[in-house]
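**Student:** I am attaching a structure below and will ask some questions about it afterwards.
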Amino acid sequence: MESRFKFEPAQLPPESYSYEYYMSAWGLTKAEAKKEVQRTKETSVYLSDTYQVNVREVNVPAFGLFMTHVSIKRRDKQAFHDWREMQQIKNAICGPEREAVELYPAESRLVDTSNQYHLWVLPEGTTFPFGYRERLICTESGQGAVQRPFDS
């Protein structure tokens, strides 16, 4: 299924590259703010009419690979969580054959600063050792399940 979202490259506002901004707006120390600026410099930004998506490569030494961190938020700052839209965004930004997870972390690692959602995407050709192994799509409701049409 083709994504209804068309993303264009974009730029973050200039203050996103100022450690003073993060110190005052987020209450970070100078060292923390400088790390945030470095992360920002490593980030690519894409906009659709509805979403802003920030993308950066993250080294994951425990797995011996780099993953793509995809941060997704609505441009109107409203909450959302529509699985099909997340799948379409992942496909549009990273490709349809890359696998991603959304992590629900331990409370000690919780990051919850806005209505923003994070996907961790494996490199192309790599799959998670869990999950379904075959494709199964239900386009109609049946057997007690309810499924909305794809165009919604």
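The values are calculated or read from the model by the stated rules, or taken from the named source; none is laboratory data. In this text, all values refer to a predicted model and were calculated from it rather than measured experimentally. Here the Cβ is made from the backbone with ideal geometry for all residues, glycine too, and neighbour counts use every protein chain on show.
**Student:** Just the residues that are touching a residue at least 24 places away in the same chain (Cβ under 8 Å) and either surrounded by 17 or more Cβ atoms within 10 Å (Cβ to Cβ) or in a helix (DSSP H, G or I) (or both), please, taken from region 75-84.
**Tutor:** Within region 75-84, Arg84 is the sole residue that qualifies.
**Student:** List, please: which pairs have Cβ atoms under 6 Å, are six or more places apart or on different chains, and start with a residue in region 11-28 that is among the aliphatic types (A, V, I, L, M) and outside any helix (DSSP H, G or I) and end with one that is modelled with pLDDT of 95 or more and surrounded by 14 or more Cβ atoms within 10 Å (Cβ to Cβ)?
**Tutor:** Matching pairs, first to second residue: Leu12/Val45.
**Student:** Specify which of the listed residues (Pro129, Pro123) is exposed (fewer than 10 other Cβ atoms within 10 Å of the Cβ) and in a loop (DSSP other than H, G, I, E, B).
**Tutor:** On the way: Pro123 fails: exposed (fewer than 10 other Cβ atoms within 10 Å of the Cβ).
None of the other options fit; the residue is Pro129.
**Student:** Let me ask something else. Consider Asn59 carefully, then state whether it is assigned to a strand (DSSP E or B) and under 25 Å from Pro129 (Cβ atoms).
**Tutor:** yes
**Student:** Which count do you get for residues in region 54-63 that are of a type outside the set (S, T, N, Q) and either crowded, with 18+ Cβ neighbours inside 10 Å or in contact with a Cys (Cβ under 6 Å, 6 or more places away or on another chain) (or both)?
**Tutor:** Summing the residues that are of a type outside the set (S, T, N, Q) and either crowded, with 18+ Cβ neighbours inside 10 Å or in contact with a Cys (Cβ under 6 Å, 6 or more places away or on another chain) (or both) in region 54-63 gives 1.
**Student:** Restricted to region 36-53, and to residues that are in contact (Cβ under 8 Å) with a residue 40 or more places away in the chain and not in a loop (DSSP other than H, G, I, E, B), which residue is surrounded by the fewest Cβ atoms within 10 Å (Cβ to Cβ)?
**Tutor:** This residue is Leu47.
**Student:** OK, next. Just to be sure I understand, how many residues within region 29-59 are of a type in the set (Ser, Thr, Tyr) and more than 15 Å from the chain's Cα centre (by Cα)?
**Tutor:** Total meeting the criteria: 1.
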